[in-house]
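The values are calculated or read from the model by the stated rules, or taken from the named source; none is laboratory data. Please read all numbers here as calculations on a predicted model, not as lab measurements. No Cβ is skipped: glycine too gets one built from the backbone with ideal geometry, and neighbour counts run over all protein chains shown. Each accessible area value is taken on the protein alone, full model and side chains, heavy atoms only, with ligands, DNA and RNA left out. Shrake-Rupley method; radii C 1.70, N 1.55, O 1.52, S 1.80 Å.
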Amino acid sequence: MRIDLHTHSRVSDGTESPAELVKAARAAGVDVLALTDHDTSAGWPEAVAAAQEYGVTLVRGMEISTELDGRGVHLLAYLPDPTYPPLVEELERVLEGRTGRFPGMIARLRQLGIDITAEDVLAQSGDAAASGRPHVADALVAKGVVASRDEAFDRYLGMGRPAYVHRYAAPLEPMVRTVAAAGGVTVIAHPWGRSGRQRPDEDDLAPLVEAGLAGLEVDHQDHSPAVRERLRAIARELDLVVTGSSDHHGTGKSGHELGVNTTAPQEYARLLERAARASAASGRPTPEVVG
Ligand code: AMP
Ligand code: ZN
Ligand code: FE
Ligand code: FE
C-alpha cells in the first residue's frame, strides 16, 4: 500500500486541479492520498468527488504557515473541522498576509529593473485560494527573467534575497491546539528542510507534543539520510508518528513526484487513531477519510 500524505493542487501552488491530482495519484500507484494545500480547505470538495470516481482513499488536510521564534514552520493538519471558527479566523489572517505582501514584492522586483505587474502574477495564480511566491516565480519564468521556480527563489524570492517580503504566519503552538480543538491532528512538515537549521529540536517539540502534536514528516526530499535518521530517533523518543510524503506540486517542483516518499501503513494507522481520538475529544463534526 502506497500512502502519500502531503500534496498540493492549483488551489494553492501546485499545477494540477484537485481532480487531476487525484487522477495522477491513481496513475502513480498511490492508494492513500492527502490533499494539503497551503492554508486552505477550498480544494476538498473537488478532491472528494475525484477520490470516489478514481477509487483513491483521500485524507483531507492542509499545510498551515506557522512561526516559531520568528522562523517559518509548516504544519500539516489532517481531518479538522474546517468550519471551526478559531481555525477559520486564523487561516483568514494568514491568507490576508499572503495577499498583503504582493505589492511589496512587486515593488522590489520593479526597483531591480524587472518589468512585472500584479496582473502578471494573478495570471499565474488563477483561481488559487492561497497565492504564494511560487506564482510570482511563475510570472518571472513567463517573462523570461528566470528559467525555473528554483532560480526565482535563489535570485529574488527566497528569505534574504532582494525581493523577499515577510508575511504573517500563525504562532505554532497555539495552532497545534487550534487544530486539536477542531478535532484534527498535526504533523510538522519537513521539520529540518531547506533552511538547513536543525530546529524545531527536541526541546521545541516537547511542549508541542503536550499541545497535541501527533507526528513528524521524516521522509521528505529536503532531508538527507542523516537528518532522517536523527528525526526518526526523536520521533521514537517522543512517541510521535513518522510520516513520509512527496510534497508534490505538479510540475512546479522537480524531484517531488507523487509517491517518491511514502508513509508506512502502521504509522498511517497510528495517525488515524490519534485523529479519531482528537475528533471524539473535540465534539466537532470532523471529515471522514474518503474511500
Ligand atoms: P509562500 O507560501 O508564498 O511563502 O511560498 C513558499 C512556498 O514556495 C513553499 O511552500 C514551496 O512550495 C515554495 N518554495 C519555497 N522555496 C522554494 C524554492 N527554493 N524553489 C521552489 N519553490 C520553493
Ligand atoms: Zn507549496
Ligand atoms: Fe512546506
Ligand atoms: Fe508543501
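Just a few scattered comments:
- Put simply, of Arg101, Arg110, Arg93 the only residue that is surrounded by fewer than 20 Cβ atoms within 10 Å (Cβ to Cβ), more than 18 Å from Glu63 (Cβ to Cβ) and not hydrophobic (A, V, I, L, M, F, W, C) is Arg110.
- Subset of region 220-231 (residues that are of a type in the set (A, V, I, L, M, F, W, C) and open to solvent by less than 50 Å² (accessible area, probe 1.4 Å)): Val227, Leu231
- Verdict on Ala34 being touching a residue at least 60 places away in the same chain (Cβ under 8 Å), away from ligand 1 (no atom under 12 Å from the Cβ) and within 23 Å of His135 (Cβ to Cβ): yes
- Scanning region 160-189 for residues that are among the hydrophobic types (A, V, I, L, M, F, W, C), in contact (Cβ under 8 Å) with a residue 60 or more places away in the chain and not in a helix (DSSP H, G or I) yields Val165, Ala169, Ala170, Ala182, Val185, Val187, Ile188, Ala189.
- Gly97 falls short on exactly one of the conditions (1) in contact with a Leu (Cβ under 8 Å, 6 or more places away or on another chain); (2) of a type outside the set (Val, Ile, Thr); (3) within 16 Å of ligand 2 (Cβ to nearest atom); (4) part of a helix (DSSP H, G or I), and that condition is (1).
- Among the residues of region 202-219, those that are open to solvent by 20 Å² or more (accessible area, probe 1.4 Å) and either within 16 Å of ligand 1 (Cβ to nearest atom) or without any contact (Cβ under 8 Å) to a residue 24 or more places away in the chain (or both) comprise Asp203, Glu210.
- Some residue of region 263-278 being modelled with pLDDT of 95 or more and in contact with a His (Cβ under 6 Å, 6 or more places away or on another chain): no
- Residue check for Glu273: open to solvent by 40 Å² or more (accessible area, probe 1.4 Å) and either among the small types (Gly, Ala, Ser) or part of a loop (DSSP other than H, G, I, E, B) (or both): no
- Whichever residue in region 232-267 is of a type in the set (Ser, Thr, Tyr) and either in a loop (DSSP other than H, G, I, E, B) or more than 15 Å from Thr186 (Cβ to Cβ) (or both) and, among such residues, is most open to solvent (accessible area, probe 1.4 Å): Thr251
- Residue that is modelled with the highest pLDDT [pool: residues in region 143-189 that are open to solvent by 10 Å² or more (accessible area, probe 1.4 Å) and on the phi > 0 side of the Ramachandran plot]: Gly144
- Filter result (farther than 22 Å from Gly97 by Cα, surrounded by fewer than 23 Cβ atoms within 10 Å (Cβ to Cβ) and in contact (Cβ under 8 Å) with a residue 40 or more places away in the chain) within region 190-201: Arg197, Arg199, Pro200
- Pairs with Cβ under 8 Å, 6+ apart, first in region 232-257 and within 17 Å of Ala269 (Cβ to Cβ) and within 13 Å of ligand 4 (Cβ to nearest atom), second hydroxyl-bearing (Ser, Thr, Tyr) and open to solvent by less than 10 Å² (accessible area, probe 1.4 Å): Thr243/Thr263; Ser245/Thr7; Ser245/Thr263
- Just one of the listed residues (Glu90, Glu63) is within 16 Å of ligand 2 (Cβ to nearest atom), touching a residue at least 60 places away in the same chain (Cβ under 8 Å) and under 16 Å from the mean Cα position of the chain (by Cα), namely Glu63.
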